[in-house]
1. Cβ-Cβ under 8 Å, sequence separation 6+ or interchain: first residue in the range 37-65 and closer than 30 Å to T275 by Cβ, partner open to solvent by 50 Å² or more (accessible area, probe 1.4 Å) and at pLDDT 85 or above. Which pairs?
2. Provide a single number: the residues in the range 86-103 that are small (G, A, S) and not in a helix (DSSP H, G or I).
3. Hey, can you tell me all the residues within the range 102-119 that are at pLDDT 80 or above and more than 21 Å from A406 (Cα to Cα)?
4. Take I69 and tell me if it is modelled with pLDDT under 80, within 26 Å of P320 (Cα to Cα), buried (at least 21 other Cβ atoms within 10 Å of the Cβ) and of a type in the set (A, V, I, L, M, F, W, C).
5. Which of the helices (runs of 4 or more DSSP H) found entirely inside the range 367-465 contain at least 2 residues meeting this: without any contact (Cβ under 8 Å) to a residue 40 or more places away in the chain and farther than 23 Å from F15 by Cα?
6. Determine, yes or no, whether G148 is under 19 Å from G381 (Cα atoms) and free of Cβ contacts under 8 Å to residues at least 40 places away in the same chain.
7. Search the range 104-162 for residues being farther than 30 Å from I399 by Cβ and in a loop (DSSP other than H, G, I, E, B), and hand back the single one that is most open to solvent (accessible area, probe 1.4 Å).
8. Take D77 and decide whether it is at pLDDT below 85 and not in a helix (DSSP H, G or I).
Amino acid sequence: MSLSLIAFFVLIGAFALGSFTRINAGLVALVAAFAVGGLVVGMPIKDVIAQFPSGLFFILLGATLLFGIVRVTGTIDLLAYWAERLAGDRRFLVPVLMFLLTAGLASAGAFTPAAIAIVAPVALALGSRFRISTLAMGLVIVQGANAGAFSPVNPFGVLANVMLDNADASGDSLKLFLYCFIFNAILAFIAYVAIQAIMNRRGGRPLPRSESTSSGTALRTTLADDSVGHDAGQYRTTTGTQTGVAVADPRTQPDIEVSLGAPVKVDATPMRILTLAGVGTLLILTTVFSLDVGVASLIIAIALICIKPGVQKPAIEGLPWNAIILVTGIVTYVGMLEEMGALKELEAGIASLGNGSIAALITSYVVAIVSAFASTTGTLGVISPIVTPISLDPLLSPIGVVTAIAISSSVVDVSPMSTSGALLMASAPPKDERLFFRALLLWAIAMIAVVPMLVWFIFVQLGLG
């Protein structure tokens, strides 16, 4: 057995360990990089350390710190309040606003599980209030998170933009974001219409009001452990004040009987308005002026901390270190694979297919299948060096190849074996958990079967971009 094959098996083992246990796959990969690189391959330790993605680390640190400030200041509560007020009694606006709210949070830098964990309780409660299928609302917010996930300041977008940079197509960063946003918006519409039609045909009725939780109770969802793992129990639901006074696992939390009347007012305080302005400034600095995402995020974060020092401690304590370790650990191991020449062998195998377009299709299916059971961030980190030679094919469009792979890897996050799907199940009423599991699993299988081929045809074959 070759050294390269051994190294790949170790990476697969790290993914498996992270998928079926609480152990962080990135931490395993980080230690394995030293074990395989130093002991098996004979690389000097300093060469293994050099593979640590320091630039990516600062991007993740800055973006998640800024999002932590958005959460701590109650700016998310303000956005949810505005959304409910805007919807009023107009039922058709509810899924649209929840989609936009989740997409906005992801676009601002929130990990997709974090955005879903925050919005899901509010969205499902509103769905019950407006007699909308909670399953339909759940699919809408997952697609909303995916729509904003490839913003230049989101970890997904950061990893996808690495692929564009490697393909000398860094100027297409905004296109990637827009293509993913539009595709997921269309998919959210299809999911909503299809599920609503099925539920109506089956005579399904929404939950009684006593079995749902109003957004007016200020139900806040925070991350007990912002990792991109597969245990919904890592997330805690807090009720009460902005900082939370009671904590319970959402899967075992008893039903809360509340009034679903007018939403409780959330004030637009100067700090919340400044925070929103900071997020807008970040998007301008990174997309218009091409300032490094990590640098821009840290500058805005420290400016907000100087204005209100009290936000620093909870924002730093809420940093998703498990997710940061996951991404940087996996990327470090991949860097070690590249240094030892293992990726060259894999690239040669892809090149032997003799057709870059077919290679893009196969890669899209591979990332869809893997991501349904493993971390999307980890999958993108592993696949990035393999995508580069495909996207450099002169017959293909780099933005088309990267977009197809980006969408294929994220669209399956609704799988109940992934964090996003598990969070939806955790937010669902207990009596609907089995329904959610079956429906989310079937939807994920449909996404694996259809989406990679569809996006490959649109973005690679037709060369859209």
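The values are calculated or read from the model by the stated rules, or taken from the named source; none is laboratory data. Everything numeric here is computed off the predicted structure, so don't read it as measured data. Neighbour counts are summed over all protein chains in view; Cβ atoms, including those assigned to glycine, are modelled from backbone coordinates with ideal geometry. Just the protein is used for accessible areas: all its heavy atoms, side chains included, with ligands, DNA and RNA removed. Shrake-Rupley method; radii C 1.70, N 1.55, O 1.52, S 1.80 Å.
1. That search, which allows pairs on different chains as well, returns L56/V162; F58/V295; F58/L298; L61/L298; G62/V295; G62/L298; L65/L298; L65/I316.
2. Taking the range 86-103 as the starting set, the residues that turn out to be small (G, A, S) are 87-88, 103.
Applying the additional criterion that residues be not in a helix (DSSP H, G or I) yields 88.
Total meeting the criteria: 1.
3. Residue satisfying the conditions is V119 alone.
4. Details: modelled with pLDDT under 80: no; within 26 Å of P320 (Cα to Cα): yes; buried (at least 21 other Cβ atoms within 10 Å of the Cβ): yes; of a type in the set (A, V, I, L, M, F, W, C): yes.
Taking the combined requirement at face value, the residue does not satisfy it.
5. Numbers: elements: 376-391, 398-410, 419-427, 433-455.
Answer list for the range 367-465: 433-455.
6. Working: under 19 Å from G381 (Cα atoms): yes; free of Cβ contacts under 8 Å to residues at least 40 places away in the same chain: no.
Criteria not met by G148.
7. Within the range 104-162, the subset farther than 30 Å from I399 by Cβ is 117-118, 120-138.
Retained after the next criterion (residues that are in a loop (DSSP other than H, G, I, E, B)): 130-133.
Values: F130: 28, R131: 141, I132: 1, S133: 15 Å².
This residue is R131.
8. Numbers: at pLDDT below 85: yes; not in a helix (DSSP H, G or I): no.
No; evaluated as a whole, the condition is false for this residue.
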